[in-house]
Amino acid sequence: MAAPLEPFIVALLLGITLAAFLVAIFQKDYVRAVIAFAAGSAFVAALFAYLGAPFAAVLELTVGAGLTAVLFLVAITLTRGTEEDAHG
């Protein structure tokens with residue numbers, strides 16, 4: 001038998017995930033957008049873990065939240081450096 005709070009917890013995780021991804025979409029600062037994207041991906045991993053898919057949760061956490069966020073931050077850092085050199 002399912003716990004009475006199970007739909008609430010799933011809905012809460014989905015709501016936080018959606019909010020984090022919406023912040024990532026509408027954020028003007030790229031670094032903050034990447035942080036919001038990583039947080040949303042971490043909440044997707046938490047949802048996977050709660051629903052009983054631990055391998056998908058670990059993969060989402062390492063690749064989705066970790067590796068992708070680091071690659072985005074490196075790309076932002078590298079492109080900002082060349083943009084400042086071109087204008088300044």
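Bear in mind these aren't lab numbers, they're just calculated from the coordinates by the rules spelled out. Here the structure is a predicted model, which means the values were calculated and not measured. Neighbour counts are summed over all protein chains in view; Cβ atoms, including those assigned to glycine, are modelled from backbone coordinates with ideal geometry.
Details
- Tilt relative to the chain, helix 68-87 - C-alpha long axis, 0 to 90 degrees, to 10: 20
- Net charge dipole size for region 28-87 [Lys, Arg +1 and Asp, Glu -1 on Cβ; Debye, nearest 20]: 180
- Contact order for region 28-87, expressed relative to its length and based on alpha carbon pairs under 8 Å spaced 6+ residues apart, stands at 38 percent.
- When shorter helices are ignored and each DSSP H run of at least 4 residues is given -39500 (n - 2.57), the per-residue value for the chain at 222 nm works out to -26000 deg cm²/dmol.
- For Arg32 and Glu6, the difference between the fully extended length at 0.36 nm per residue and the C-alpha to C-alpha distance is 6.2 nm.
- Checking [x] 7.8; [y] 10.0; [z] 6.1 against mean projected area of the Cα convex hull in nm² calculated from these atoms, the matching label is [z].
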